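Here's the structure, in structure tokens; my notes come after.
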Amino acid sequence: MNDPETTHLVEVQINGERYERAVQARELLVHFIRDTLALKGTHIGCDTGNCGACTVLVDGQPMKSCMMLAVQADGLSLETVESLSPAGEELSDLQKAFNDQHAVQCGWCTPGMLMQAKALLERDPDPDVETIRRTLKGNICRCTGYVNIVRAVQQAAGQDVSAGIQQEARA
Amino acid sequence: MSVQDAAAPTKAASTIGTPVRRVEDKRLLQGQGTFSDDVWMKRMGYVHFVRSPHAHARIGDIDVARAEAMEGVYATLTGAEVEAMTEPFMQIAPEPGSRMEDYALAVGKVRFVGEPVVAVLAETRALARDAAEAVEVEYELLEAVVDSLATLSPTAPVLHETIGKNIGYQDTYAWGDIDWALEHADHVVSIDKLHFHRFSSTPLECNAAVVNWDRGTDVIEVRSNNQMPQFAAMFISPAIGMPTSKLHFVSQDIGGAFGLKITSYPTIAACMLLSRKAGRPVKWTEYRSEAVTASAHGNERTFTDIKVPVMADGTILGFDVKAYDDAGAFMRYEPLGGVIWSQVAPGCYRLKHLRVEYTQVLTNKCPCGPNRGYSRLQHLWMIERIVDIVAHELGFDPVELRKKNYPQADEYPYETPNGCFYDSGDLPRMLDLGLELADYDGWRTRQAELKESGGGKRIGIGIGSTLDSGTNNFGQARLVNEHLPFSGNGEAAHVKLDLYGEIAVNLGSSPQGQGHETTAAQTVGEILGVAPTDIHVKAGYDTASHAYVGFSGTYASQFAVTGLGAAIGAAEKLRDEIRLVAATALGATPDEIELADGVAGVRGDEERAIPFIGIANLVYTNVAALPPEVADAVSLNCRYVYRPPFEIPDIETKTGELTLTYAAQIHVAVVEIDEETGHTEILKYVAIDECGRRINPQIVEGQVHGAAAHGIGAALHESFVYDEESGQLLSGNFYDYHAATAVDVPLLLTGEIECPSPRSPNGAKGMGEGGGAPLSTLCAAFQDALGAGGAVVTDTHNPSERVWRLLRERSDAPRPVEVVSR
């Protein structure tokens, strides 16, 4: 299985830690992250690049790690969901916003959503609702209907969550 | 005893009804959840399934030699081996459907595209896939049938020779006197055909399991995301000849299920056989294309020959209909859907005379699983179409017609013609609230203006009223098969005081994102007088350590009633034990003891108190200090089974209490249609929910959002379409299926009323499935945009193309609706 013609040595930085491993040429980055490095936070929800559960940051840019080969990550710097609040630390503001707004149900899309939202807020600290929805278009959630995820990103951006999104009525 | 009564002697502030933040979230937000694919074991192999490329074919020779010769391939498993090693899975259906032979792998024939034929186990995921490619299977092609009605033709190819026809179940359900009603009504509205399409809620985590047969103990551990493990065990045990006590199911986090992860048991059984054969742990992680093609779909249903008697004042008397439910190639959970729709037989209306000739057909398509809203949403949609079509054809206002036919608030508990009780509710008030939130009058004005000015856009306003019946009486299974020894329901919970006085809870449910750890902590905390954050509800489910009953699991909108009912009972038992021990230690009587903030004290005497750690000490490590009669009476380990007060339904009349609670949904949608393209924009979407007492309103609202999104996605985008000739699925991955995205789901407005259930232990009603309200609502909105006398909306699935066609239907085209008035 370790045929030198199909095996390559890659060196990647993930969440500030350096990893050097031999990988199969055809190995997807997401399988490298999950199966080889046992960073289980990054998930897989489809095999066509639609769902975004595997979204990680590659040199700061959100990428679907099922759409990249592990060898393509050679020399690059990655951030996964595990970087958002390292062991023992409290939730980041973005994570806390997801908790406050009930933007998590089953948790399968959550890591990808968080990484996509983090990248959005870094390039646009005050996005409007339409920008948030369009940005999350490549991240499928089957539980929340997206409403609370949009609210969470708004909260993380310091916006008034009730404005323009949701009024609750009580009879 | 209600929560309120139980909580009376405690001081801690109640959290019931407040949006306590979910305790599950931290691990999920930090990437520290443990899902099935997050389990790695030493010596583990990966399984890949060779799947049928054909919809219907006889299996010839299978050659696994090349695959087995590959270095790193551990084992293969074929249908012939499965047939030799196992019995077919038991069937719920009566004769002749019971003669269906369903195995863990295809035996003799393949009956749908994607059906697993051979399993290959190898050292890596990629190698297993390569080796599966090297397996050679010969097929002799047979004609396939995918149409739900064509499959009934005498010339249609037969899927299961042991049954001899493509019918899995058939029966007539009739209550009242529909013939009399049709004869005496002022109008009879006939509808040729309504079609509820095939889709699925496609949980984002595909099916997965790590299965390990332990040679030393002969126990099979299954770390899977199956959502109803006891049901799976009951099917697997007799098939593979293993006692249920040796089938050890474990799950922690599950990435959504929506009912579709109930019927993963055949593939789990294949993994068990493979693990036993190879002597290794087996990891199965389904690919999305496999999940979409071959795991489980929601049921398609076609309604024909619908006749609706209506009085001049708008009173709808009932309906007569033939329903053809398409189960696909195997029955699995079916034909339970053949009776489950009758939990909501008259829908949201006071219909008295009903007749449904129900036929479950078999076709060369993926088998179905009980998808969110299971079997009721098809039936409820049909009734909503009836009400809407009646309004349009006879000139009634759709709002007034609904209000007239809804049970009124003072009629609850409302008994349906088939003996179910709608426990509480107020649909007219919900509708008023929905119309107000949607600004109904404002949109009616805007709609008229737009009609005046033209401009290529049309507005349609639709209403959908649905029910989410929760907590099944499994006695209804006897209505489809009188020999099934099923009845009632139940759920178990275990609450204990641990060694240092900590409170630990485990549940019989296997949650998939519904926040059970949080609501159980709220519920138990209320009774034991501690904050929810001080209660450890064990994540997930484990047959080795958790309390369970045969119907345990998370499905069918019941946790708030059954799961929390069990948690209440177990917490009350523990409370009583703590009181007894405290009273003994403090020289008081148990009824003088109150629990607050982790301390049991004598009411009104702050000096006399003992913390929970002291209680635990006395029972666990200092027991000689207790009088023997007290020591013998307590364990601090309290198991309770909640049992809803059901009786066995009457098989002859098909009547009885089939479900305990009825949550209700009223949705209002405003759509804008581009006349040139048929493209639909949802301008406003309002969801009003009523689910009794809400334990955690934020979690409830999340369920409302999710159910609405599934319905909206299905109504406008998502559909499983099969090629009529080849039987190939044309939407076999997420590109083609188009699961709804953040731009497809509008920003939903929610509202609610609370009508506490008199039937449940805490006033709550099960909820979460949502009744498929958006399908009804959006069809009504399209009908509204088309106007009276125009095209009739007869399908649940209305993507741009179908809307475009509806807009262009010629006025002289034959109409699917006819009205006869006398």
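Looking at this structure, is B:Gln698 surrounded by fewer than 22 Cβ atoms within 10 Å (Cβ to Cβ), modelled with pLDDT of 95 or more and within 7 Å of chain A (Cβ to nearest Cβ)?
Values: surrounded by fewer than 22 Cβ atoms within 10 Å (Cβ to Cβ): yes; modelled with pLDDT of 95 or more: yes; within 7 Å of chain A (Cβ to nearest Cβ): yes.
Against the criterion (surrounded by fewer than 22 Cβ atoms within 10 Å (Cβ to Cβ), modelled with pLDDT of 95 or more and within 7 Å of chain A (Cβ to nearest Cβ)), B:Gln698 qualifies.
Before we move on, is B:Arg111 of a type in the set (Lys, Arg) and buried (at least 21 other Cβ atoms within 10 Å of the Cβ)?
Values: of a type in the set (Lys, Arg): yes; buried (at least 21 other Cβ atoms within 10 Å of the Cβ): yes.
Yes.
Taking the conditions exactly as written (at pLDDT below 95 and either surrounded by 17 or more Cβ atoms within 10 Å (Cβ to Cβ) or not in a helix (DSSP H, G or I) (or both)), does A:Gly164 satisfy them or not?
yes
Among the residues of segment B:468-480, are any within 25 Å of B:Arg223 (Cα to Cα) and not assigned by TED's automatic domain parsing to the domain that holds B:Ala708?
So far as segment B:468-480 goes, no, none of its residues is within 25 Å of B:Arg223 (Cα to Cα) and not assigned by TED's automatic domain parsing to the domain that holds B:Ala708.
Just to check your reading of the model, which residue among B:Ile59, B:Ile16 is β-branched (Val, Ile, Thr), assigned to a loop (DSSP other than H, G, I, E, B) and out of contact with any His (no Cβ under 9 Å at 6 or more places or on another chain)?
B:Ile16
Which numbered condition in (1) away from chain A (no Cβ under 13 Å); (2) touching a residue at least 40 places away in the same chain (Cβ under 8 Å); (3) in a loop (DSSP other than H, G, I, E, B) is the only one that B:Gly790 fails?
All conditions are met except number (2).
Here's a check for you: in segment A:52-68, which residue that is of a type outside the set (Ser, Thr, Tyr) and assigned to a strand (DSSP E or B) is surrounded by the fewest Cβ atoms within 10 Å (Cβ to Cβ)?
Our first condition is that a residue be of a type outside the set (Ser, Thr, Tyr); within segment A:52-68, this holds for A:52-54, A:56-64, A:66-68.
Checking the rest, the ones that are also assigned to a strand (DSSP E or B) come to A:56-58, A:61-64.
Working: A:Val56: 29, A:Leu57: 21, A:Val58: 19, A:Gln61: 10, A:Pro62: 22, A:Met63: 20, A:Lys64: 24.
Checking each candidate, the answer is A:Gln61.
As an exercise: evaluate B:Phe35 against (1) loosely packed, with under 15 Cβ neighbours inside 10 Å; (2) touching a His at 6+ places or on another chain (Cβ under 8 Å) and give the number of the one condition it does not meet.
Just one mismatch for B:Phe35, condition (1).
Quick one: would you say B:Thr533 is within 14 Å of chain A (Cβ to nearest Cβ), over 23 Å from B:Asn226 (Cα atoms) and in contact (Cβ under 8 Å) with a residue 60 or more places away in the chain? Break it down into steps so the answer makes sense when it comes.
Values: within 14 Å of chain A (Cβ to nearest Cβ): yes; over 23 Å from B:Asn226 (Cα atoms): yes; in contact (Cβ under 8 Å) with a residue 60 or more places away in the chain: yes.
Against the criterion (within 14 Å of chain A (Cβ to nearest Cβ), over 23 Å from B:Asn226 (Cα atoms) and in contact (Cβ under 8 Å) with a residue 60 or more places away in the chain), B:Thr533 qualifies.
Which residues, counting only those in segment A:18-39, are farther than 18 Å from B:Val39 by Cβ and at the interface with chain B (Cβ under 8 Å from one of its Cβ atoms)?
Residues satisfying the conditions are A:Gln24, A:Arg26, A:Glu27.
Which residues, counting only those in segment B:67-99, are within 25 Å of the chain's Cα centre (by Cα) and buried (at least 21 other Cβ atoms within 10 Å of the Cβ)?
B:Phe89, B:Gln91, B:Ile92, B:Ala93, B:Gly97
Do we have any residue at all in segment B:757-777 that's of a type in the set (Ser, Thr, Tyr), in a loop (DSSP other than H, G, I, E, B) and in contact with a helix residue (DSSP H, G or I) (Cβ under 7 Å, 6 or more places away or on another chain)?
Yes, there is a match, as at least one residue in segment B:757-777 is of a type in the set (Ser, Thr, Tyr), in a loop (DSSP other than H, G, I, E, B) and in contact with a helix residue (DSSP H, G or I) (Cβ under 7 Å, 6 or more places away or on another chain).
If you take the residues of segment B:16-75 that are β-branched (Val, Ile, Thr) and within 14 Å of another protein chain (Cβ to nearest Cβ), which of them is farthest from A:Gln101 (Cα to Cα)? Reasoning before the result, please.
So the first thing to find is which residues in segment B:16-75 are β-branched (Val, Ile, Thr), and the list is B:16, B:18, B:20, B:23, B:34, B:39, B:47, B:50, B:59, B:62, B:64, B:73.
Right, trim to within 14 Å of another protein chain (Cβ to nearest Cβ) and you get B:18, B:20, B:23, B:34, B:39, B:73.
Values: B:Thr18: 14, B:Val20: 11, B:Val23: 13, B:Thr34: 23, B:Val39: 30, B:Val73: 47 Å.
Among them, the one singled out is B:Val73.
If I go through segment A:69-83 residue by residue, how many of them are at the interface with chain B (Cβ under 10 Å from one of its Cβ atoms) and part of a helix (DSSP H, G or I)? Break it down stepwise before answering.
Within segment A:69-83, the subset at the interface with chain B (Cβ under 10 Å from one of its Cβ atoms) is A:80-83.
If we keep only those that are part of a helix (DSSP H, G or I) as well, we get A:81-83.
Here the count works out to 3.
Does at least one position in segment B:132-150 carry a residue that is within 30 Å of B:Ile316 (Cα to Cα) and either touching a Lys or Arg at 6+ places or on another chain (Cβ under 7 Å) or assigned to a strand (DSSP E or B) (or both)?
No, because not a single residue in segment B:132-150 is within 30 Å of B:Ile316 (Cα to Cα) and either touching a Lys or Arg at 6+ places or on another chain (Cβ under 7 Å) or assigned to a strand (DSSP E or B) (or both).
Restricting to segment A:89-136, name every residue that is loosely packed, with under 15 Cβ neighbours inside 10 Å, more than 10 Å from chain B (Cβ to nearest Cβ) and part of a loop (DSSP other than H, G, I, E, B).
Residues satisfying the conditions are A:Asp124, A:Pro125, A:Asp126, A:Asp128.
With the checklist (1) surrounded by 18 or more Cβ atoms within 10 Å (Cβ to Cβ); (2) hydrophobic (A, V, I, L, M, F, W, C); (3) in contact with a strand residue (DSSP E or B) (Cβ under 7 Å, 6 or more places away or on another chain) in hand, flag the one item B:Leu450 doesn't pass.
(1)
Of everything in segment B:584-624 that's in a loop (DSSP other than H, G, I, E, B) and of a type in the set (D, E, K, R), which residue is surrounded by the most Cβ atoms within 10 Å (Cβ to Cβ)? Don't jump to the end; show me each part of the working.
Let us first name the residues in segment B:584-624 that are in a loop (DSSP other than H, G, I, E, B), namely B:587-589, B:597-598, B:603-608, B:622.
From the residues that got through so far, the ones that are of a type in the set (D, E, K, R) too are B:597, B:603, B:605-608.
On the way: B:Asp597: 14, B:Arg603: 11, B:Asp605: 11, B:Glu606: 8, B:Glu607: 7, B:Arg608: 17.
That would be B:Arg608.
Out of the residues in segment B:726-756 meeting the condition of being in a strand (DSSP E or B) and either modelled with pLDDT under 95 or touching a Phe, Trp or Tyr at 6+ places or on another chain (Cβ under 9 Å) (or both), tell me which one is nearest to B:Arg429 (Cα to Cα). Let's see the steps before the verdict.
First pass over segment B:726-756, keeping only residues in a strand (DSSP E or B): B:729, B:749-752.
From the residues that got through so far, the ones that are either modelled with pLDDT under 95 or touching a Phe, Trp or Tyr at 6+ places or on another chain (Cβ under 9 Å) (or both) too are B:729, B:749.
Details: B:Leu729: 44, B:Leu749: 17 Å.
So the residue we want is B:Leu749.
Out of A:Val30, A:Val71, A:Val12, I need the residue that is among the β-branched types (Val, Ile, Thr), within 28 Å of A:Leu136 (Cβ to Cβ) and more than 13 Å from the chain's Cα centre (by Cα). Which one?
Details: A:Val30 fails: more than 13 Å from the chain's Cα centre (by Cα); A:Val71 fails: within 28 Å of A:Leu136 (Cβ to Cβ).
Of A:Val30, A:Val71, A:Val12, the one residue that is among the β-branched types (Val, Ile, Thr), within 28 Å of A:Leu136 (Cβ to Cβ) and more than 13 Å from the chain's Cα centre (by Cα) is A:Val12.
For A:Pro86, indicate whether it is more than 7 Å from chain B (Cβ to nearest Cβ) and either at positive phi or without any contact (Cβ under 8 Å) to a residue 60 or more places away in the chain (or both).
No.
The values are calculated or read from the model by the stated rules, or taken from the named source; none is laboratory data. In this text, all values refer to a predicted model and were calculated from it rather than measured experimentally. Heads up, the Cβs are rebuilt from the backbone with ideal geometry, glycines too, and the neighbour counts pull from every protein chain shown.
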